[in-house]
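Reading through the structure tokens given below for one structure.
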Amino acid sequence: MVNTQVNQHTASESAELADFRKGVIDWIKHNTPADPGFLLPQTFMEVGSEQALEFLREWQHKVWSSGYLGMAWPKQYGGGGMPRIYQQIADEEMKRARVPICFNMIGLGWAGPLIIDTGTDFEKETYLKGILTGEDIWCQGFSEPNHGSDLGSIQTRAERDGDEYIINGSKIWTTMGNYAKYMILLARTDSQAERRYNGLSFFLSPMHAAGITTSPIQKLTGDYGFTETFFTDARIPARCLMGEEGHGWRIAMQTLQYERGAEAGAAGGVSILSTVMNDLLRIAKDVERDGKPLMEDPVTRDNLVKFLIEEQALYLAENRVKIPALCADYPNSLALSTKLRGTEFFRRMRQYSLTLQGASSALYVGDEDAIEGGFWQRAYMNNFSTTIGGGTSQIQANIVGEHVLGLPKD
């Protein structure tokens, strides 16, 4: 299957891009690390041990030093300075080969693009290269325990005191907060602002300041990766403020555009170990019911074809969004709906994989009789992180309704 897909790509690519793709495939073949002997994270949201962290940090550094990470980022800040199509090709092949993830995704996908697009020269020089090498881990400080997706109501406060800000409050679901060196932090600097959004400011905050502590949160899978972060009279330099005081909401919304896939700029790499329909078809061929492979059941085949059609539609939408003439009727509709459509598709596909397993779906990682080692059970439960993080599916549906279709808020 891999060779067929490569031929399909190279048939429509220039000779230069086709040669580049072949080079990526060859590099992956000779550089993908062997099984380390312990369970690797399926997503960047479940790096919960020093052992896994060091393995993934070494891998990310290897990908970057080989030139296949940050290819479109400015060369003077550690990137490759190349057209984005090269990174897209490298990412496609790494996903197809199921190489380990590049774990520093808050930096690679959100903080980094934000700094490139709107940061000062000082911020670019200070932060970008460390994101690519994996030396500087980033986390996100947006959500709070009592406010969910309602970022406009956050209560974490930042008070100016000379050349510092004093931070008090807490953040939740801070992925890798216990390992992070920096946080993109949204905090309230003006509690008297007429509009609640106008009182917020955006910080590139250090995580190692006195008064900042983290507490790990265990996921459904048994893995760790999320933390709750507490600020108790924590002092950070005033230069950590990004943009102007009180303009944090606009910067936060731009950051969410990267997180939700509506804007390009990510450094690349694999952030989530993907499952595609070829994987689901394999289960349908291998698992038997009443002495016959499930693939021979007409209802199963019908369901699989529907998933195949939807997967192809998602793939074509990714290409369509790059052609403005094909998006003229509803500009940004595909980009703004990418997260909703993609995460919900994978949730349903992974859930169906458990349906196909019947009673065996109750087995989990560590059970010797679990199909494919319990991979699909773990993948299904991990998927809840993606349908919640960056705005729940319900929030994403509201965004599409309001900003694409023009529906009223009520």
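Laboratory data are not the source of any read-out in this text; all were calculated from the coordinates shown. Please read these numbers as outputs of a predicted model, since none were measured by experiment. Positions of Cβ are generated from backbone atoms using ideal geometry, with glycine treated the same way; all protein chains shown enter the neighbour counts.
Across the chain, the mean sequence separation of Cα contacts (distance under 8 Å, 6 or more residues apart), normalised by length, yields a relative contact order of 14 percent. Scanning residues 5 or more positions from residue 165 or on other chains, those with amide H under 5 Å from its amide H are 236, 238, with H placed 1.01 Å from N in the peptide plane.
Sparsely packed loop sites in region 307-410 (the trypsin sites (Lys or Arg not before Pro) outside DSSP H, G, I, E and B with at most 14 other Cβ atoms within 10 Å) comprise 322, 409.
Among the trypsin sites (Lys or Arg not before Pro) in region 110-217, which ones are in a DSSP loop with at most 14 other Cβ atoms within 10 Å of the Cβ? Mind listing them?
Numbers: sites: 124, 129, 157, 160, 171, 181, 188, 195, 196; in loops: 181, 195.
Passing sites in region 110-217 are 195.
Using the Karplus relation 6.51 cos²θ - 1.76 cosθ + 1.60 with θ = phi - 60°, the per-residue 3J(HN,Hα) values for region 371-376 come to 5, 6, x, x, 4, 6 Hz, with x marking Gly and Pro. Taking every C-alpha pair closer than 8 Å and separated by at least 6 residues, the mean separation divided by the residue count of region 72-211 gives a relative contact order of 18 percent.
Among the GluC sites (Glu not before Pro) within region 141-216, which fall in a DSSP loop and have no more than 11 other Cβ atoms within 10 Å of their own Cβ?
194
Look at 239, 289 and count the other Cβ atoms within 10 Å of each Cβ; fewest to most, that gives 289, 239.
Listed from fewest to most Cβ neighbours within 10 Å, the set 224, 380 follows the order 224, 380.
Spatial offset of region 323-374 relative to region 84-159 amounts to 23 Å, using the alpha carbon center of each. With helices as the sole contributors, the chain gives -13500 deg cm²/dmol at 222 nm; each DSSP H run of n ≥ 4 counts as -39500 (n - 2.57), and the sum is divided by every residue. Here are some pairs, 29/95; 75/171; 62/181; 62/171; 29/322; which of them have Cα atoms lying more than 24 Å apart in this structure? Long pairs (Cα-Cα over 24 Å): 75/171; 62/171; 29/322. A simple rule links phi to the HN-Hα coupling: the Karplus curve 6.51 cos²θ - 1.76 cosθ + 1.60 with θ = phi - 60°, which for region 48-61 gives x, 9, 4, 4, 5, 4, 5, 4, 6, 5, 5, 5, 4, 4 Hz, with x for Gly and Pro. Put in line by how crowded their Cβ is, counting other Cβ atoms within 10 Å and starting with the fewest, 299, 404, 99 read 299, 404, 99. Relative contact order of region 251-410: 22 percent, from C-alpha pairs under 8 Å at least 6 residues apart in sequence.
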